[in-house]
Amino acid sequence: MKFLGTYKTVKHNMELKLVSTMLTVFLLIISVTVTTADYVRPQPRETLQFPWKSKPSSYPQQVHISLAGEKHMRVSWITDDNSSPSVVEYGTSPGRYSSMAEGESTSYNYIFYSSGKIHHTVIGPLEHDTIYFYKCGQQSPEFQLKTPPAQFPVTFAVAGDLGQTGWTKSTLEHIDLCKYDVHLLPGDLSYADYMQHRWDTFGELVQPLASARPWMVTEGNHEKEYIPLLKGAFASYNARWKMPSEESGSTSNLYYSFEVAGVHIIMLGSYADYDKHSDQYNWLKTDLLKVDRKKTPWLLVLLHVPWYNSNEAHQGEGDGMMQAMEPLLYAASVDLVFSGHVHAYERSNRVNNRRPDPCGPVHITIGDGGNKEGLARKYKNPKPDWSVFREASFGHGELKIVNATHAFWSWHRNDDDEPVRSDQCLDNLFAEFQDALLRRVMNLGKY
C-alpha cells in the first residue's frame with residue numbers, strides 16, 4: 001500500500017483551512033491551503049552581486065558534491081592554478097584524513113572566457129549516514145559532508161529554476177534549515193545565459209549547501225548556451241556539473257539514474273533526443289527493467305519541462321517527450337515525477353494520458369526556486385480535473401520517505417526572510433488513509 005501526505009502551512013495573517021482531500025486507489029493527498037484574498041505577493045528581487053575577492057590561485061572554489069555509485073561521492077571544485085592536483089583527502093575526524101583519492105580535471109573556453117581548472121574526484125567507499133571532513137587539492141579550508149542513510153527514512157529537498165536573485169538566497173536559507181539528505185534540482189541552475197562568470201558566482205552562492213549534501217541535477221533550457229558554428233550545447237554545464245551517467249550506464253551527462261536508501265531516481269533530459277529510436281529512450285527502458293522494487297520500492301523521475309501543466313507559461317512544450325516516454329513510466333509504476341521550467345508550483349493527482357488514473361504517478365512542478373525572470377502568475381481556467389493545487393510563489397519542497405509504504409510531501413512558500421523555518425512538519429497536519437494497492441506487473445516489452 002502507498003501513502004502520500006502533504007501539507008503546507010503559512011503565516012502572516014493568513015486564514016488556514018483544509019480545502020481538498022483526494023483519495024485514490026494508490027494515493028491520498030491531504031492539502032492544507034490558505035485563502036489568498038489578503039495575501040500580497042512580494043515583489044521580484046534583484047540579481048545578487050558578488051564583489052571580487054582576492055584568493056590564492058590554488059584555493060578550492062565552487063565546491064559541490066554528488067553521488068557517484070554505491071557508497072561513493074564525487075567532489076567537484078575549481079582552481080585558478082592549472083597545476084593544482086585533483087586530490088581529495090578525507091576522514092571522519094576534523095583535520096585527520098585517513099584516506100586520499102585522486103581524480104580527473106577538465107576546462108573549457110567560451111568565446112573570450114576561459115574557465116579555471118575543474119576538478120572531479122570520486123571518494124569512497126564511504127559509510128552510510130556518516131559525517132566526513134575533507135580538503136580539496138591539499139589546500140584549506142576544510143569542508144564537511146554527510147552521506148545519505150542506507151535505509152529509510154530519507155529526506156529530499158527539491159527546488160528547480162534557482163538562479164541568483166534575492167529570492168534564490170531566501171530559498172537556499174530555508175532549505176538549509178531543513179534536515180535533508182539529498183538535494184534534487186530539475187534543471188535551470190545558474191541562469192548564466194552565456195555570461196560565463198555567472199556560472200562562477202552561482203558556484204560560490206550554492207557552495208555552503210552543495211559542499212555539505214549531494215546535489216543531483218538535470219539540465220534545463222538555460223544550461224543549453226548553444227551558439228551555432230561556435231559552441232555546442234551544454235558545454236559549461238557538462239564541464240562543471242558531472243553527474244553519475246557512466247555509473248548508471250548512460251552515455252550522456254544529460255540523463256542518468258542513482259539510488260538512495262530504498263529509492264531509485266531517474267534524471268531525464270528534456271533537451272536530449274527522446275523518441276523511440278533515441279539513446280535516451282533505450283537507456284530509460286533498460287534502466288527501468290533493472291529496477292528491483294523489493295530493494296527500491298520507490299521510483300521517482302525528474303525532468304525539466306513539465307508534462308502536466310495548467311499554467312499559461314510553456315504550454316505544450318513537454319508534449320512530445322510525454323507522448324514518447326509516459327507509457328514507459330506508467331508501465332514501471334513510477335510514483336512521482338518532478339519538473340521545473342514553469343516558474344510556479346503545481347501538484348497533480350495521480351494521472352496518466354491526461355486523465356486522473358489511480359495507477360499513474362503524481363506530477364509536481366516546482367520551478368519556483370527564485371529565478372530572475374519572475375513568477376508565472378497566469379493559470380488556465382477552469383482548472384483541469386487532474387490538478388489538485390497550484391500557486392505562483394517562490395519556494396521549495398521536501399519529500400520525506402518514511403518507509404516502503406509511507407511518504408510525506410510538503411511545499412514551503414518563501415513568505416518572509418525570518419531565519420526560521422516558516423513552514424514546519426507538524427504531525428497533527430498529517431492524515432493517514434489506506435486502501436488496497438494492486439501493483440501492476442511491469443511490462444515494458446511492447447514499448
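Which net charge results for the neighbourhood of K224, defined as the other residues with beta-carbon distances under 12 angstrom from its beta-carbon, given Lys and Arg at +1 and Asp and Glu at -1?
-4
Could you tell me what percent of the DSSP beta bridges with both partners in region 97-193 are antiparallel, to the nearest 5?
So the antiparallel bridges amount to about 75 percent of the total.
Report D for region 81-121 in µm² per second (integer): Stokes-Einstein, Kirkwood Rh on Cα pairs, 4 °C, 1.567 mPa s.
My calculation gives 109 µm²/s for D.
Quick one: Kirkwood hydrodynamic radius for region 344-405, alpha-carbon pairs, angstrom, one decimal?
13.2 Å
From the protein chains alone at 1.4 Å, what is the descending order of accessible area for E225, E89, E247, largest first?
Correct descending sequence by accessible area is E247, E89, E225.
For a quick check: with amide H placed at 1.01 Å from N, whose amide H comes under 5 Å from D129's, ignoring anything fewer than 5 positions away on the same chain?
T147, A150
For region 118-196, what does the equivalent ellipsoid look like in terms of its semi-axes, each the square root of 5 times an eigenvalue of the Cα gyration tensor, given largest first in whole Å?
Here the semi-axes work out to 25, 20, 12 Å.
I'd like the distance between the alpha-carbon centres of region 326-400 and region 249-292, rounded to an integer number of Å.
For region 326-400 versus region 249-292, the Cα centre distance is 20 Å.
Could you derive backbone 3J(HN,Hα) for region 201-214 from the dihedral phi with the Karplus parameters 6.51, -1.76 and 1.60 (θ = phi - 60°), listing whole Hz in sequence and x where the residue is Gly or Pro?
5, 5, x, 5, 5, 8, 3, x, 8, 6, 8, 10, 9, x
Accessible area of region 157-267 with a 1.4 Å probe: how many percent of it is carbon plus sulfur?
Whole-percent figure for carbon plus sulfur exposure: 54.
If R₀ is 25 angstrom, what is the calculated FRET efficiency for the pair E104 and Y194, using the beta carbon separation as r and rounding to 0.05?
0.45
Can you list residues from other chains, or at least 5 along the same chain, whose modelled amide H is less than 5 Å from the amide H of T92?
Residues meeting the amide H criterion: S98, F133.
Let me understand region 230-364 better: what is its radius of gyration from the alpha carbons, and its Dmax, in angstrom?
When restricted to Cα atoms, region 230-364 yields Rg and Dmax of 14.8, 48 Å.
Once amide H atoms are built 1.01 Å from N in the peptide plane, which residues 5 or more positions from Y345, or in another chain, come under 5 Å H to H?
Under 5 Å from the amide H of Y345 lie the amide H atoms of E391, A392, S393, each far enough along the sequence or on another chain.
Using the beta-carbon distance between R293 and V402 and R0 = 22 Å, what value does 1/(1 + (r/R0)^6) give for FRET efficiency, to the nearest 0.05?
E between R293 and V402, to the nearest 0.05, is 0.85.
Just the Kirkwood number for region 108-154, please: inverse of mean 1/r across all distinct Cα pairs, in Å, one decimal.
Final number for the Kirkwood radius of region 108-154 is 13.7 Å.
Mind ordering 320-331, 226-237 by average Cβ neighbours within 10 Å, highest first?
320-331, 226-237
For labels at T92 and H72 in the simple 7 Å Cα→Cβ model, what's the distance in nm?
Going from the T92 label point to the H72 one covers 2.2 nm.
Per residue of region 281-287, in order, report the coupling 6.51 cos²θ - 1.76 cosθ + 1.60 (Karplus, θ = phi - 60°) as ³J(HN,Hα) in whole Hz, putting x for Gly and Pro.
With the stated coefficients, region 281-287 comes to 4, 5, 5, 4, 4, 5, 5 Hz.
What is the distance, in nm, between label points placed 7 Å from the Cα along the Cα-to-Cβ direction at D279 and at T47?
So the two model labels end up 3.2 nm from each other.
So for each of 387-400, 141-154 I average, over its residues, the number of other beta carbons within 10 Å; can you give me the resulting order with the highest mean first?
In decreasing order of mean packing, 387-400, 141-154 become 387-400, 141-154.
What are the ³J(HN,Hα) couplings of region 250-266, residue after residue, when phi is run through the Karplus curve with 6.51, -1.76, 1.60 and θ = phi - 60°? Round to Hz, x for glycine and proline.
8, 9, 9, 6, 7, 8, 5, 9, 7, 10, 9, 6, x, 10, 9, 10, 10
Over region 232-389, average the accessible area per residue using a 1.4 Å probe and give it in Å², no decimals.
Normalised by residue count, the accessible surface of region 232-389 is 35 Å².
So if I restrict to the alpha-carbon atoms in region 171-315, what is the Rg, and what is Dmax, the biggest pairwise distance, in Å?
Calculated on Cα positions, Rg and Dmax stand at 16.0, 49 Å.
Translational D (Stokes-Einstein, µm²/s) of region 300-368 at 20 °C and 1.002 mPa s when Rh comes from the Kirkwood sum over C-alpha pairs?
Estimated diffusion coefficient is 182 µm²/s.
Could you pull out every one of the aspartates and glutamates with an alpha carbon less than 17 Å from that of K55, ignoring same-chain neighbours closer than 8 positions?
Result set, ordered by chain and number: D80, D81, E142, D200, E204.
Suppose we keep just the DSSP beta bridges with both residues in region 149-290; what percent of those would be antiparallel, to 5?
Roughly 50 percent of the beta bridges in region 149-290 run antiparallel, per DSSP.
Please list, short to long, the whole-number percent of alpha-carbon pairs of region 58-153 in consecutive 10 angstrom bins beginning at zero.
Result, from short to long distances: 16, 48, 26, 9, 1 percent.
Are any of the pairs K117/K169; K146/K179; K169/K383; K71/K146; K242/K295; K224/K290 more than 21 Å apart by Cα-Cα distance, and if so, which?
Over 21 Å apart, Cα to Cα: K117/K169; K169/K383; K242/K295; K224/K290.
The values are calculated or read from the model by the stated rules, or taken from the named source; none is laboratory data. The structure presented is a predicted model; accordingly, all values stated were derived computationally and were not measured. FYI the Cβ positions are ideal-geometry reconstructions off the backbone, even for glycines, and counts take in every protein chain you see. Ligands, DNA and RNA are excluded from the accessible area calculation, which covers all protein heavy atoms including side chains. Shrake-Rupley method; radii C 1.70, N 1.55, O 1.52, S 1.80 Å.
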